[in-house]
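**Q** This is the structure I want to talk about, given as structure tokens.
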Amino acid sequence: MRYEVEQKFRLEEPPEAVVARLLELGATEDGEVQQADRYFNHPVRDFATTDEALRIRSVGDQNWLTWKGPKIDQKTKTRREIETMLGDGAKTADEIAEVLTILGFHAVAIIRKVRKKFKLARNDWQFEFALDRVDDVGEFLEIELLVDKDRLKAAQQALKSLCDEVGLLETSIERKSYLGMLLRGR
């Protein structure tokens, strides 16, 4: 069972300054992509209430279906995550969306973002960074580890330590999802 241990920060300084610090720590750039995330709500269970998410993510020609469970930590965005790759192409994403709709799921919104990715290997951890520019929401830095349940506490501590080292302030922590922020802003 895999868990995503994540911390998201609203950027209060130019993204270039954050990138410079990441590179100084030894992070390497891992490309830039445009993502479109189509979110769906369950027909009888409100995901906003249960703190779950179901999405189709499209990056170029590739598609994934992702379910995220409720957060299980009060500080980080630690949650169970199941993600599976779908077939390629816009037609596949549209057909999966149609299947979900036929089954009673409701399309909620599409989140569009440009994501610049970085990786950092440190002390047996593989950190992933995402510098996100999210349409109609803002700019953020996400730091993430994917771990098994038995490593959750250690991963949360490693994440906290790295956030401090990068100079990210607790006052900039954002626990809301991009979808939640977009919907509140409308």
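**Q** Quick one: is GLU139 of a type in the set (Asp, Glu), surrounded by fewer than 14 Cβ atoms within 10 Å (Cβ to Cβ), touching a residue at least 12 places away in the same chain (Cβ under 8 Å) and more than 20 Å from GLU52 (Cβ to Cβ)?
**A** Working: of a type in the set (Asp, Glu): yes; surrounded by fewer than 14 Cβ atoms within 10 Å (Cβ to Cβ): no; touching a residue at least 12 places away in the same chain (Cβ under 8 Å): yes; more than 20 Å from GLU52 (Cβ to Cβ): yes.
So GLU139 does not fit the description; no.
**Q** Hey, another quick one. Say whether the condition of being in contact (Cβ under 8 Å) with a residue 60 or more places away in the chain, outside any helix (DSSP H, G or I) and closer than 24 Å to ALA154 by Cβ is met by at least one residue in region 81-100.
**A** Kept after step one, since they are in contact (Cβ under 8 Å) with a residue 60 or more places away in the chain, are these residues of region 81-100: 81-82, 100.
Next, only the ones that are outside any helix (DSSP H, G or I) stay: 81-82.
Still in the list and also closer than 24 Å to ALA154 by Cβ: 81-82.
Yes, some residue in region 81-100 is in contact (Cβ under 8 Å) with a residue 60 or more places away in the chain, outside any helix (DSSP H, G or I) and closer than 24 Å to ALA154 by Cβ.
**Q** Please go through region 126-151 and give me each residue that is closer than 16 Å to ILE173 by Cβ, over 12 Å from the mean Cα position of the chain (by Cα) and in a strand (DSSP E or B), ordered by number.
**A** Result: GLY138, GLU139.
**Q** Here are the criteria: (1) closer than 20 Å to ALA109 by Cα; (2) not in a strand (DSSP E or B). Tell me which single one GLY26 does not satisfy.
**A** Going through the list (1) closer than 20 Å to ALA109 by Cα; (2) not in a strand (DSSP E or B), GLY26 breaks only (1).
**Q** Would you check if LEU54 is more than 22 Å from SER177 (Cα to Cα) and either crowded, with 20+ Cβ neighbours inside 10 Å or under 14 Å from the mean Cα position of the chain (by Cα) (or both)? It would help to see each step written out before you state the result.
**A** On the way: more than 22 Å from SER177 (Cα to Cα): no; either crowded, with 20+ Cβ neighbours inside 10 Å or under 14 Å from the mean Cα position of the chain (by Cα) (or both): yes.
The answer is no for LEU54.
**Q** Here is a follow-up. If I ask for residues that are surrounded by fewer than 16 Cβ atoms within 10 Å (Cβ to Cβ) and of a type outside the set (D, E, K, R), which ones from region 22-41 would you list? Break it down stepwise before answering.
**A** First pass over region 22-41, keeping only residues surrounded by fewer than 16 Cβ atoms within 10 Å (Cβ to Cβ): 23-26, 28-34.
LEU23, LEU25, GLY26, THR28, GLY31, VAL33, GLN34 - these are the residues of region 22-41 that are surrounded by fewer than 16 Cβ atoms within 10 Å (Cβ to Cβ) and of a type outside the set (D, E, K, R).
**Q** Using beta carbons and a limit of 6 Å, which pairs, at least six apart or on different chains, have the first residue in region 146-167 and buried (at least 17 other Cβ atoms within 10 Å of the Cβ) and the second one in a helix (DSSP H, G or I)?
**A** Once the first residue is buried (at least 17 other Cβ atoms within 10 Å of the Cβ) and sits in region 146-167, its partners that are in a helix (DSSP H, G or I) give VAL147/ALA155; VAL166/ARG21.
**Q** When the residues of region 59-84 are narrowed to those that are aliphatic (A, V, I, L, M) and more than 14 Å from ARG38 (Cα to Cα), which ends up surrounded by the most Cβ atoms within 10 Å (Cβ to Cβ)?
**A** So the first thing to find is which residues in region 59-84 are aliphatic (A, V, I, L, M), and the list is 59, 65, 72, 82.
Next cut, more than 14 Å from ARG38 (Cα to Cα) only: 72, 82.
Working: ILE72: 15, ILE82: 11.
Once the filter is applied, the top-ranked residue is ILE72.
**Q** Is it true that ARG38 is within 20 Å of ASN123 (Cα to Cα) and in contact (Cβ under 8 Å) with a residue 12 or more places away in the chain? Talk me through it step by step, then tell me what you get.
**A** Details: within 20 Å of ASN123 (Cα to Cα): no; in contact (Cβ under 8 Å) with a residue 12 or more places away in the chain: yes.
When the stated conditions are applied, ARG38 does not pass them.
Computed from the coordinates by the stated procedures, all read-outs in this text should not be read as laboratory data. It should be emphasised that the depicted structure is a prediction, and the values quoted were computed from it without experimental measurement. No Cβ is skipped: glycine too gets one built from the backbone with ideal geometry, and neighbour counts run over all protein chains shown.
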